[in-house]
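The values are calculated or read from the model by the stated rules, or taken from the named source; none is laboratory data. All values derive from a computational prediction rather than experimental measurement. Using ideal geometry, Cβ is built from the backbone for each residue, glycine included, and neighbour counts are taken over all protein chains shown.
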Amino acid sequence: MSDPYETTEEHLERLLGRALNSFDLPDAAVERLESALAHSTSLHSSHHSAGLHRETFKHVFLLSDGGSLTLWELAHNAGRDGTTQHELYTEAAEVRLAASRLPRAGGFGWAPGDADGRDPEGGDAQLDADLEILATLMAARPATAPRIFIPDNSADHARRVLRRAENADRPGPDAGLRLSTAVAHQITQAFGRQCSVEGRDAGFTLYEHAFLLRDGCEVSLWEVEHTATPDGRHMCEVYGTERAAREAMELRARVR
């Protein structure tokens, strides 16, 4: 249902684009969703009977103001041509009502909480926990103390950080050339947490490698170390900005 390499903006665009009733969504809700930073998707119910199917998905979006907004998606093939159709709602009661109006085998509508017993209005502690993880991953760092740069083969340290990066979008040769003039550096841990990714424990740690250059400028590399890999091995990724690093962690930790 959810592409692991899809950004939150792309995910939202896909949801709104395929929903038959997206124009019915409240304008205020759509405007708030423009500031979405991360999202989590959960299958809440699924029913298949005599060629008809109906699934309900819960999409929770973390917003830049620290709040969240939920979209309920109903996917079904109860239309005339039998193709899968999608509808979006902002309230659990609305999607439950829409599901109850769909035809089913025997000619009757779906009952709320039908077949699989998973009512959209039911509690979802795991999804709340996942949202908390996303919120923490995307949170801005608190104010830090003044930097204390240490001259310790800093140019070589920058080369080693870039060399161990495994991500294709790591800083390129220009960054390496500029960092070759580093005369001092400071390493700070900006984030660290254990969480569950696809049912497996995974660890995330974010480091800032701040460099003082010969011309007096300061440049940082943001290193993400994690074990959210298919085989659980340790992986290192490096980015040129804190935002890019945190977005990478969000992609790795996203609930699918």
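Of the strands (runs of 3 or more DSSP E) contained entirely in the range 147-227, not one carries at least 3 residues that are among the polar types (S, T, N, Q) and at pLDDT 95 or above.
Condition check: part of a loop (DSSP other than H, G, I, E, B) and modelled with pLDDT of 85 or more. Does THR70 satisfy that? Against the criterion (part of a loop (DSSP other than H, G, I, E, B) and modelled with pLDDT of 85 or more), THR70 does not qualify.
Yes or no, residue by residue, for (1) basic (Lys, Arg); (2) crowded, with 16+ Cβ neighbours inside 10 Å; (3) outside the structural domain of ASP231 (by TED's automatic domain parsing); (4) in contact (Cβ under 8 Å) with a residue 24 or more places away in the chain:
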residue	(1), (2), (3), (4)
PRO173	no, no, no, no
ARG178	yes, yes, no, yes
HIS185	no, yes, no, yes
GLN189	no, no, no, no
GLY203	no, no, no, yes
HIS209	no, yes, no, yes
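Of the residues making up the range 211-243, those that are within 18 Å of the chain's Cα centre (by Cα) and touching a residue at least 60 places away in the same chain (Cβ under 8 Å) are GLU237, TYR239, GLU242.
Here is a yes/no grid of residues against (1) in contact (Cβ under 8 Å) with a residue 40 or more places away in the chain; (2) of a type in the set (Val, Ile, Thr); (3) assigned to a loop (DSSP other than H, G, I, E, B):
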position	(1), (2), (3)
PHE23	no, no, no
GLU31	no, no, no
ARG54	yes, no, no
THR83	no, yes, yes
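Name the single residue, out of those in the range 18-66 being under 25 Å from LEU102 (Cβ atoms) and among the acidic types (Asp, Glu), that is surrounded by the most Cβ atoms within 10 Å (Cβ to Cβ). By that ranking, first place goes to GLU55.
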